[in-house]
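Report on the structure given below.
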Amino acid sequence: MSIQQLADKVRSGGRLDRAEALELYLGAPTALLGRLANDVRERKHPDRVVSYIIDRNVNYTNVCVARCTFCAFYRPVGSADGYVLGFEEIFRKIDETIAIGGGQLLLQGGHNPDLPLEWYEDLFRAVKERYPTFRLHALSPPEVIHLSRVSRLPVPQVIDRLIAAGLDSIPGGGAEILVDRVRRVLNCYNKATAQEWLDVMRYAHAAGLRTTATMMYGTVETADERLEHLFRLREVQDETGGFTAFIAWSYQPEHTELGGGEATGIDYLRTLALARLVLDNFDNLQASWVTQGGKVGQLSLAFGANDMGSVMIEENVVRAAGAAYCMDEIEIVRNIENAGFVPRRRNMHYEILGDPIFREREVPRMLELAVARAEGDTSRSPEIARYPARSASEKKARLRLEEPNGLRRGGPRLTGH
């Protein structure tokens, strides 16, 4: 088909196959891709509402055994810069989130061998006991797979236990590109193959959870592999209908082992538009202002996005790779309204909650993103000692905490007597 014929097919509501999508992506002018994606967005969202959520992205640990080459955030087991947040630290972050109108925690972290499944269950139950209506949008598919391996339980059973403890939904992190050739090059194949990532989402949807889906592009993948990623997501959505939204962001190369350069803003807009055309069974596409900045995020609303994502409050992973954009609710609303849309707060299920909080009551301005911990804070999570140490470095750390008289700080040490 010609580009014009493909454009006509999209305008008439036809579904693109992979060859057609690739031809359109490679051959259509950027302005045409944007118009087509905007047409699809308008069909799905004729009310011109652009939504956003107030939440906080808390990375509970940066200790990780996965060692993905594109990640600047992780620290190896035993690193002096490694941390695990204590429960009270997380509670304080929740209090700060609630203070500015938030109702959800996006909780993700490294694959820490010293945090068993029980640690997560105890944390989730403690959060729900203290904040019964607060939502936990937590643990990407690779984290669930890691817990399955550590606990030696099948993934469906891990998900069931997490739900029982308070898990409300699963974020789409760790997808990168859902093509195993790419995943091997990026050293993320062992943490989750493409099929394993997709199967976690299938299991989660079958258990009644809603999830998001993501794509990190701009590393080593080809255009055809970007499309393979999108079509695999579309297939699962046809089966389950469990994805609430899709989010694409560009690889951030600073401080990473992989290195290289960052994709351009035009590449982002073309990729976003392509996702809107291919993912015809996804209602919502988020604008990735966290990696692109506020103005490209605003322009995303003309390239298929209907959601500005999260006010976020805190971010550590992308910041570690060099991106440190920040927008509080006032800035997000300003960008939405200046683009000609109506801003509305939502929850993870894309249920509209109301107008901007700052127009209902005074909230503190947030001019920079918070971090997991203040610089120089090397305190240990008191909870981690409740669980058996698995790594050699954690075992040594606990031995160093023992007192000469045979007592361990925080309680008696068991002896062989």
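The values are calculated or read from the model by the stated rules, or taken from the named source; none is laboratory data. All figures in this text were calculated on a predicted structure; none of them were measured in a lab. Here the Cβ positions follow ideal geometry from the backbone for every residue, glycine too, while neighbour counts run over all protein chains shown. Just the protein is used for accessible areas: all its heavy atoms, side chains included, with ligands, DNA and RNA removed. Shrake-Rupley method; radii C 1.70, N 1.55, O 1.52, S 1.80 Å.
Among residues of the range 140-169 being open to solvent by less than 30 Å² (accessible area, probe 1.4 Å) and in contact with a Pro (Cβ under 7 Å, 6 or more places away or on another chain), the one that is nearest to PHE243 (Cα to Cα) is SER140.
Out of curiosity, is LEU16 at pLDDT 95 or above, of a type outside the set (S, T, N, Q) and assigned to a loop (DSSP other than H, G, I, E, B)? Answer is yes for this residue. Restricting GLU196, GLU262 to those that are over 30 Å from PRO154 (Cα atoms) and acidic (Asp, Glu) reduces the list to GLU262. For the range 13-30, a residue qualifies if it is open to solvent by 50 Å² or more (accessible area, probe 1.4 Å), of a type in the set (A, V, I, L, M) and more than 15 Å from ASP267 (Cβ to Cβ), and exactly one does: ALA19. Condition check for ILE332 on (1) under 25 Å from SER169 (Cβ atoms); (2) in a loop (DSSP other than H, G, I, E, B): one failure, at (2). Check whether at least one residue in the range 183-191 is closer than 24 Å to THR244 by Cα, crowded, with 17+ Cβ neighbours inside 10 Å and not charged (D, E, K, R), and report yes or no. No, there is no match, as no residue in the range 183-191 is closer than 24 Å to THR244 by Cα, crowded, with 17+ Cβ neighbours inside 10 Å and not charged (D, E, K, R).
Report yes if some residue within the range 238-258 is free of Cβ contacts under 8 Å to residues at least 60 places away in the same chain, hydroxyl-bearing (Ser, Thr, Tyr) and open to solvent by less than 30 Å² (accessible area, probe 1.4 Å); otherwise report no. Yes, the conditions are met somewhere in the range 238-258. Filtering LEU106, LEU85 for residues that are farther than 22 Å from TYR189 by Cα and touching an Asp or Glu at 6+ places or on another chain (Cβ under 8 Å) leaves a single hit, LEU106.
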